[in-house]
Structure formats: C-alpha cells, structure tokens
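The values are calculated or read from the model by the stated rules, or taken from the named source; none is laboratory data. Small disclaimer: the values here were computed from a predicted structure and weren't measured. Positions of Cβ are backbone-derived with ideal geometry, glycine not excepted, and every protein chain shown enters the neighbour counts.
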Amino acid sequence: MLVSASKAGAIRSDWRKPLPVLVRINGMPDKPFRTNLMPAGGGCFYLYLHGDMRRISGTEVGDRVRAELSLDTNYKNGPMHAMPPWFREGLRQSPSARSNWQVLSPSRQKEILRYLSRLESPDAKARNLKQVIAVLSGVEGRFMARDWKQGA
C-alpha cells in the first residue's frame, strides 16, 4: 500500500529511512501492530501488510483498506527478535551468506528476523531457510517481496 508523501510527512516530516509506525487496518486490532513504512522515493512510503495483519483485519491481497497510522515513539533500533537457532546454523554453514548478513543494514536484519521468528511449521522453516541462505549467498531471487542480487 503506497502512503503519499503528504500523509507520511504528517507522521514524521523529512524522513527518508524506514519509518517506525503503529498501524490498525480497518479498525483492527485494538492494540496496533508495530511495523515500518518502507521508503518508496519522493517522500512516499510503502506499508506492507503481513499475514497476521491481513488475517486479523479480515483482508486479502488486493483489498482496499483503511489504515490508521501513527509514529511509534517507543521504537528501538536493532533486532527485536532473537536469531532462530536454525537460521544461525544455516549462516554458520554458508560463509558467503554469513558475510552478506553482517553487512545488511540493521533495519533489513530486523525485518528478516521478525519474519523468520513468526514461522511455525518445520516445512515453512526449511523452505524459508533455503530461500534466505540462497539470496544472502548471492543467488538472484525473490525473498520477502524483494528482488535480491549479489546478497543484498
């Protein structure tokens, strides 16, 4: 979902990096989600609605939604989620993936750890581990709705 420059500026003016916000979609949930608006250029930002947001708000990809956004004044830099042991082991086994992980921005690391921490089934963990190690190793591909080239 594209957030216009004027609407993003009302939340925090002259901001050019991921913008920490609290978001409710169609009035849900009672306690807003914490997420980041991602820069899209020209002062605009993207709001990505992850699966929990869509499920709780009763929306599907492509639906029109009403988003309530406010600045997350309690945001702290750095990863919020611990690195899952199975991801740590995957990085240990792939020096190129580990090297590229270490040079990713803290916000990108945080985004990946948040995503991986929500995976529950062994199949989902294995599938996503294979994808994230591949793209971090330099294989061109898509992971987490991004195109990856040369490990970034």
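Observations on the model:
- Here is the figure for segment 1-16: residues that are in a strand (DSSP E or B) and either loosely packed, with under 13 Cβ neighbours inside 10 Å or touching a helix residue (DSSP H, G or I) at 6+ places or on another chain (Cβ under 8 Å) (or both) total 1.
- In the set (1) in contact with a Lys or Arg (Cβ under 8 Å, 6 or more places away or on another chain); (2) in contact (Cβ under 8 Å) with a residue 24 or more places away in the chain, TRP101 fails one condition alone, (1).
- Against the test of being assigned to a loop (DSSP other than H, G, I, E, B) and of a type in the set (A, V, I, L, M), the options LEU69, LEU22, LEU91, LEU49 yield a single qualifying residue, LEU49.
- Selected residue [at negative phi and free of Cβ contacts under 8 Å to residues at least 12 places away in the same chain] from LYS125, LYS76: LYS76
- Flag not set for LEU37, criterion: in contact with a Phe, Trp or Tyr (Cβ under 6 Å, 6 or more places away or on another chain) and part of a helix (DSSP H, G or I).
- When the residues of segment 94-131 are filtered to those that are in a helix (DSSP H, G or I) and among the acidic types (Asp, Glu), the one that is surrounded by the fewest Cβ atoms within 10 Å (Cβ to Cβ) is ASP123.
- Set side by side, the residues GLY141, GLY151 differ, and just one is surrounded by 15 or more Cβ atoms within 10 Å (Cβ to Cβ), in contact with a helix residue (DSSP H, G or I) (Cβ under 6 Å, 6 or more places away or on another chain) and not aliphatic (A, V, I, L, M), which is GLY151.
- Meets criteria (among the β-branched types (Val, Ile, Thr), within 18 Å of the chain's Cα centre (by Cα) and outside the structural domain of MET38 (by TED's automatic domain parsing)) for ILE56: no
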